[in-house]
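Here is the structure we will look at.
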Amino acid sequence: MAIKKNYSNGIPLFFSALLLFSAVPGRAIDIVDRTQAEEVMQGNKEDIPLLSDELEIRIDERHQLVGEYLVSAATWFDSFFDNSRSEAEANQSTFRLRLDGGWDKYEDFEFKPRVSFRLHLPGMHNRWNLLLSARDDEDFDVDRLPGGSERRDDDANITAALQYFLLQSEKMNISTTAGISYNYAYAGLRYRGSYEYGSWQGRLTSRVRYYTDDGLESINEYDLERRVSETLLFRTTLNGDWYEEKSGLDHGIVFSLFQVLNKDRAVLYDVGNSFQTSPNYYLVDTVFRLRYRQRFYRDWLIFEIAPQVSFPKEHDRNLNPGLILRLEAEFGYTSYKKQFDNIFRF
């Protein structure tokens, strides 16, 4: 039976307007001029009443240091936990092999391999990447926590794409991607903007793509995170996804706590709710998950175990235990380990 398309809600228009408002810096910024990008994002500075110039400089320096400290920690966590936030903005060559095993109460245990290759093309001011990936036809049902920008269940085993960075700075990143597989092609735009609220850091990520088989989709996330201590980072993620081929709006909220155990081990605690607005508003699932991840004999080899429990509506909210095992090998860009050592000083 054909799925009825729903164009009545204004969510995609809202996110598009928000994207355009956030992405327009007032003048063109070149990818290699990060200082200029930061000046545009921060605006002109004015004197603070009753404070000396020396004290103002100290306040500005401290603010910048705190911001860099938080952003660097969040970047390392995202990289270590193989998060799409860091992967989508990587501008260097990497080759990754991954073997996932997944099980839950309603699905048999099975393994699924995945290979991804990112080739950095040095021409044109270092703006181009060639992306190749090979994977199983769909993700595990147990991997149902809302969030992440790769929510489309691809039918293709092999895809190839070109990524072009229009702008790349600490405060803002804009890129376009066009790809093809044996049964569809796609093209789209991705935007990320970072915003500081004192000791909190905000991040808006929005991706719009057109697929030849399924039409338009709009994937949107807003992260709000804060460094809690030397070894803890807290993050709240709101997400909303709209698909032309589906009715309603998929959305959710995830609370995450990242914890460093030592320079080779870290834990991520997640609790999330996912919702749907069609045919009526309802709670799709509630998930509690723990991800333990460590370097495994070598810096480039990582092992992960992720037990979880969920309460899906499709199974009458019954307790559904699940488990994901992952072994991952990455070759290429390895400076995040040095960055990790510099941040946490172990």
Kindly establish whether V228 is of a type outside the set (S, T, Y), free of Cβ contacts under 8 Å to residues at least 60 places away in the same chain and out of contact with any His (no Cβ under 8 Å at 6 or more places or on another chain).
yes
Could you tell me which residue of the stretch 305-318 is surrounded by the most Cβ atoms within 10 Å (Cβ to Cβ), considering only residues that are touching a residue at least 60 places away in the same chain (Cβ under 8 Å) and closer than 23 Å to V267 by Cα?
S310
Can you name the residue in the stretch 85-141 that is assigned to a loop (DSSP other than H, G, I, E, B) and modelled with pLDDT of 80 or more and, of all such residues, is nearest to A161 (Cα to Cα)?
R127
Condition met for P146 (modelled with pLDDT of 75 or more, under 30 Å from E304 (Cα atoms) and not β-branched (V, I, T)):
no
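Kindly evaluate T212 against the criterion of being hydroxyl-bearing (S, T, Y), free of Cβ contacts under 8 Å to residues at least 24 places away in the same chain and out of contact with any Lys or Arg (no Cβ under 6 Å at 6 or more places or on another chain). Steps first, answer last, please.
Working: hydroxyl-bearing (S, T, Y): yes; free of Cβ contacts under 8 Å to residues at least 24 places away in the same chain: no; out of contact with any Lys or Arg (no Cβ under 6 Å at 6 or more places or on another chain): yes.
Taking the combined requirement at face value, the residue does not satisfy it.
Taking R265 as the residue in question, decide whether it is more than 30 Å from Y211 (Cα to Cα) and either surrounded by fewer than 16 Cβ atoms within 10 Å (Cβ to Cβ) or touching a helix residue (DSSP H, G or I) at 6+ places or on another chain (Cβ under 7 Å) (or both).
Working: more than 30 Å from Y211 (Cα to Cα): yes; either surrounded by fewer than 16 Cβ atoms within 10 Å (Cβ to Cβ) or touching a helix residue (DSSP H, G or I) at 6+ places or on another chain (Cβ under 7 Å) (or both): yes.
Yes, satisfied.
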Against the conditions (1) of a type in the set (A, V, I, L, M, F, W, C); (2) within 30 Å of R265 (Cα to Cα); (3) under 14 Å from the mean Cα position of the chain (by Cα), where does F234 fall short? Just the number, please.
(3)
If A185 satisfies all but one of (1) modelled with pLDDT of 90 or more; (2) out of contact with any strand residue (DSSP E or B) (no Cβ under 6 Å at 6 or more places or on another chain); (3) exposed (fewer than 14 other Cβ atoms within 10 Å of the Cβ); (4) on the phi < 0 side of the Ramachandran plot, what's the number of the condition it fails?
(3)
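Examine the stretch 196-207 for a residue that is of a type in the set (A, V, I, L, M), out of contact with any Phe, Trp or Tyr (no Cβ under 6 Å at 6 or more places or on another chain) and within 27 Å of S247 (Cα to Cα), and state whether such a residue exists.
Initial filter on the stretch 196-207 (of a type in the set (A, V, I, L, M)): 204.
With out of contact with any Phe, Trp or Tyr (no Cβ under 6 Å at 6 or more places or on another chain) added as a condition, the list becomes none.
No.
The values are calculated or read from the model by the stated rules, or taken from the named source; none is laboratory data. The shown structure was predicted, so the numbers you read here are calculated from the model rather than taken from an experiment. Neighbour counts are summed over all protein chains in view; Cβ atoms, including those assigned to glycine, are modelled from backbone coordinates with ideal geometry.
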